[in-house]
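Student: This is the structure, below, for whatever I ask next.
Any read-out appearing in this document is the output of simple, stated calculations on the displayed coordinates, not a laboratory observation. For clarity, every value in this text was computed on a predicted model and none was experimentally measured. Virtual Cβ from ideal backbone geometry, glycine too; neighbours counted across all protein chains shown.
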Amino acid sequence: MESPPPDRCGYTWNGGHIYYTPQTYQSCCYRETLPDTDRCVWHADPDDTEKKTIEMLRETRESWIGSVSQSNFREILDGANVSDINFEEGFPFNRTALRQTDFQNANLTGANFREADLSGANLQGADLTGANFYRANLTGANLQGADLTKANIQDANLTGANLGQADLTSSNLITSELTSVHLQEANLTNANVQESDFSGSDLRDVNLSRSEVIRSKLQHTDLRGSVFQGTLLDHTDFSNADLRGAEFTDVKSVNSDFEGVIINGAEQFREAVNRTNELKKRVIIGGILGLITSVSIAALVASNAVSSPLTEEQIAIVISFIFLVFYGWLGGKIAELSTAIESIKEVIGNGSEG
Ligand SMILES: [Zn+2]
């Protein structure tokens, strides 16, 4: 590449970056340099300039029309340094290349990172409350201690990211890829965790209270000391997870897989068993009440105490049909609950052996 004119930034982002994607190529920055450094407002080292202000950042963006036709991005800001910047609410970074960009401790409340590439970016300690990461690439990004309260992280790729101590309260993690992620001490209270893949992740001391964990993969995860309080576990795969010291209180578990889990302190599971037993009891009582009601109605009709336009044969068919549907459903429910109880008991069995 020829060297750029002296009034142009010339920052070249390393295309040989470890998170290689088909869009990875070298990009050379043609933005104007700031008066006090040889870099543009996005790439200048904050220590070298007084001019790195939000106004300048915004203006540069608005006036700059780059050659982005060669990629899927609307703008290339790879390797930018915008740590500690106070971006205004809802700042647009959608479909922007932000690979290895430094956003450390920046205020990015409500920022739009939809379909942005933030692989290897540094977002440590950033305020990302309500930010939108829909379909964003956060592979290997550092989000340690970031505030992601109410963030939309749906369909995003966070493989290998660091989310240690991050606040993910009420966040949306539907169908997001969270394999080999570091989530130690992260707060996922009230989070929406549907069809998310956490396989092989470090979830030690994570708080998943009141969250909905539906059809998600937690296999081979380290969940030691994690808290599941009032959590809904529906078809959650815990196979081969380490659950030692995990707290399961008031958990609603439906068809979850606890095969091969490692637990001590199985006491927490007893509550889950009791709750499931309680549900089973209610279903049986409901069944008996239903049976008494149906028999009473049948008896009343048969004794002609209630006049009916139907023949006795038709009444018999209708009642048989109702019985069939009701007891079919009841049988299914009881079988489901029995399986749940057995799987939990098995877990306790494994725990007391280990
Ligand atoms: Zn630049």
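Student: Give the separation of the Cα centroids, the range 232-257 to the range 34-57, in Å.
Tutor: Between the Cα centres of the range 232-257 and the range 34-57 lies a distance of 50 Å.
Student: Let me ask something else about it. What is the order of Val251, Val301, Val283, fewest Cβ neighbours within 10 Å to most?
Tutor: Values: Val251 23, Val301 18, Val283 15.
Starting with the residue having the fewest Cβ neighbours, the order is Val283, Val301, Val251.
Student: What are the aspartates and glutamates whose alpha-carbon lies under 18 Å from the alpha-carbon of Lys281, with same-chain residues fewer than 8 places away excluded?
Tutor: Straight-line reach from Lys281, under 18 Å: Asp250, Glu271, Glu336, Glu342.
Student: Counting only residues 5 or more places away or on other chains, whose amide H sits under 5 Å from the amide H of Asp257 once H atoms are built in the peptide plane?
Tutor: Answer set, sorted by chain and number: Thr236, Asp237, Phe238.
Student: Check cross-link reach from Lys150 to the lysines: straight Cα distance under 28 Å, and skip same-chain residues fewer than eight apart.
Tutor: Once the sequence-local lysines are set aside, what remains near Lys150 is Lys217, Lys252.
Student: I've got another one for you. Among 43-49, 188-194, how do they line up by average Cβ neighbours within 10 Å per residue, starting with the highest? Walk me through the numbers before you get to the answer.
Tutor: Values: 43-49: 15.9, 188-194: 22.3.
So the peptides 43-49, 188-194, ranked by packing, come out 188-194, 43-49.
Student: Hey, another quick one. Take the alpha carbon atoms of the range 104-140, find their center, do the same for the range 187-224, and report the distance between the two centers in whole angstrom.
Tutor: Taking the Cα centre of each part, the range 104-140 and the range 187-224 sit 20 Å apart.
Student: So if I take the alpha carbon set of the range 1-182, get Rg, then get Rh from the Kirkwood formula, what is the Rg over Rh ratio?
Tutor: Numbers: Rg = 15.7 Å, Rh = 16.4 Å.
Value, to two decimals: 0.96.
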